[in-house]
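The values are calculated or read from the model by the stated rules, or taken from the named source; none is laboratory data. All values reported here derive from a predicted model rather than from experimental measurement. Here the Cβ positions follow ideal geometry from the backbone for every residue, glycine too, while neighbour counts run over all protein chains shown.
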Amino acid sequence: MKCEKMFNKLERKFGKFAISGLMNIIITGMAIIYIMDIFICPMSGKAALSPLIIFSRDAILQGQIWRILSFVFIPFSTNAFFMIFTFYFYWLIGKVMERNWGTFKFNFFYLCGIIGTVIGGFITGWATNSFLTFSLFIAFAIIAPDFEILLFFLIPVKIKYIAMFDAVFMIISFFSSGLPGKVAILMSLLNLIIFFGDDFINMMKMKIHHWKYKISNRK
């Protein structure tokens with residue numbers, strides 16, 4: 001409830017700056033970088049663009065400040081089929097979440113994820129958009145758990161099951177990573193904590209209350 005009041009206050013003040021179709025812009029940027037890296041740069045004999053836009057604390061401190069934001073446009077993979085699928089998948093996620101939440105709230109969620117990732121990057125010297133994208137996917141699974149997608153355009157699967165699998169993978173990655181990896185994962189999930197922390201705490205309180213009730217009735 002407190003978060004909702006805060007969002008409403010922020011939206012009244014900054015809502016006019018919200019970017020409609022934000023995920024479309026992110027995906028378009030990724031597609032351009034992908035095409036440049038895989039096709040245009042090699043054919044023209046020039047170096048790939050990705051190394052110039054990845055997050056680098058040292059490079060940022062030397063004046064390459066665009067890297068604070070440009071890392072969000074790094075493509076997920078070099079595999080063409082996987083890229084097409086993920087572009088479609090995250091376009092769909094962005095469309096549904098923006099329609100469900102509104103443009104400002106969706107923008108704010110993504111911005112919080114970027115801020116958390118950048119803070120983690122300055123702490124460790126390293127950052128990636130992978131965990132930021134993961135937070136977007138988990139948020140989508142929370143607000144629309146029964147939404148069905150065609151996995152690889154063929155297999156209908158509810159989003160909550162894919163989210164469970166990804167969450168397990170993320171937990172394994174967290175415990176198997178060194179300190180930089182742990183910090184990067186935690187900080188990039190800052191937006192999930194801000195947006196769903198209260199709901200999670202309330203849910204746990206209800207479960208504890210229900211558990212205590214069951215225990216007391218057994219006596």
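Do you know which residues across region 79-115 are within 11 Å of the chain's Cα centre (by Cα) and surrounded by fewer than 17 Cβ atoms within 10 Å (Cβ to Cβ)?
L111, the sole residue that qualifies.
Given the conditions (1) more than 15 Å from G21 (Cβ to Cβ); (2) in contact with an Asp or Glu (Cβ under 7 Å, 6 or more places away or on another chain); (3) modelled with pLDDT of 90 or more, report the number of the one that F104 does not fulfil.
Only one criterion in (1) more than 15 Å from G21 (Cβ to Cβ); (2) in contact with an Asp or Glu (Cβ under 7 Å, 6 or more places away or on another chain); (3) modelled with pLDDT of 90 or more is unmet by F104, namely (1).
Restricted to region 71-92, and to residues that are modelled with pLDDT of 90 or more and among the aliphatic types (A, V, I, L, M), which residue is farthest from S188 (Cα to Cα)?
Only one residue tops the list, namely I74.
Could you identify the single residue in G45, G21 that is under 15 Å from N107 (Cβ atoms) and not aromatic (F, W, Y)?
Details: G45 fails: under 15 Å from N107 (Cβ atoms).
It is G21.
Restricting to region 116-139, name every residue that is assigned to a loop (DSSP other than H, G, I, E, B), of a type in the set (A, V, I, L, M, F, W, C) and surrounded by fewer than 23 Cβ atoms within 10 Å (Cβ to Cβ). Walk me through how you get there before you give the answer.
Narrowing region 116-139 to residues assigned to a loop (DSSP other than H, G, I, E, B): 125-129.
Keeping just the survivors that are of a type in the set (A, V, I, L, M, F, W, C) gives 126-127.
Correct list: W126 only.
Looking at region 1-68, what helices (runs of 4 or more DSSP H) fall wholly within it and have at least 1 residues that are under 20 Å from M97 (Cα atoms) and not basic (K, R)?
Helices (runs of 4 or more DSSP H) meeting the threshold: 2-14, 22-35.
Filter region 147-190 for residues that are among the charged types (D, E, K, R) and touching a helix residue (DSSP H, G or I) at 6+ places or on another chain (Cβ under 8 Å); which is nearest to I123 (Cα to Cα)?
Residue satisfying both the conditions and the ranking: K182.
I'd like to know if region 9-20 contains one or more residues that are surrounded by 18 or more Cβ atoms within 10 Å (Cβ to Cβ) and under 23 Å from the mean Cα position of the chain (by Cα).
Looking for residues that are surrounded by 18 or more Cβ atoms within 10 Å (Cβ to Cβ) and under 23 Å from the mean Cα position of the chain (by Cα), one finds none in region 9-20, hence no.
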